[in-house]
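Novice: Dropping the structure in here first, questions after.
The values are calculated or read from the model by the stated rules, or taken from the named source; none is laboratory data. Not measured: the values here are computed from a predicted model. For the accessible areas, the whole protein counts, side chains as well, though only heavy atoms, and no ligand, DNA or RNA atoms are used. Shrake-Rupley method; radii C 1.70, N 1.55, O 1.52, S 1.80 Å.
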Amino acid sequence: MLTLRNTYPDGDRFDEHYFLSRHIPLAQEILGSDVQAVRVFRPVQVAGQAPAPRMVVEFDFPSREAMDRAFGSPRMAELGADVANYSSVRGVMTVLDDGK
């Protein structure tokens, strides 16, 4: 299984309501049935540590092929353009492989 993690650093603007009510459903629609699970986290600041990110979202895919298929959607540009509706910064993507 692969997990695509998108971490949003704290920025000038982040509309959490829009992100949760519009962007995440749009992402699920565009990425389609290849997504097995979606998780959204609101990180908590830990004293003495670097600033916590504003928001983290994870999308689970059963395989690299499934993730590639999902990200091959012709609507990916639409999803990328939607970021401006809720954030002044782009997220940092990381792909995690559970090794199975």
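Novice: If DNA, RNA and ligands are ignored and the probe is 1.4 Å, what is the ranking of Glu78, Glu58, Glu16 by accessible area, most exposed first?
Specialist: Glu78, Glu16, Glu58
Novice: Related question: So what is the accessible area of region 54-93 per residue, in Å², with the probe set to 1.4 Å?
Specialist: Ligands and nucleic acids excluded, the result is 52 Å² per residue.
Novice: Right, another one. For the chain, what class follows from the C-alpha gyration tensor (a ≥ b ≥ c being the square roots of its eigenvalues): rounded when a/c is under 1.5, otherwise prolate if a/b is larger than b/c, else oblate?
Specialist: Oblate, because a/c is 1.5 or more while a/b does not exceed b/c.
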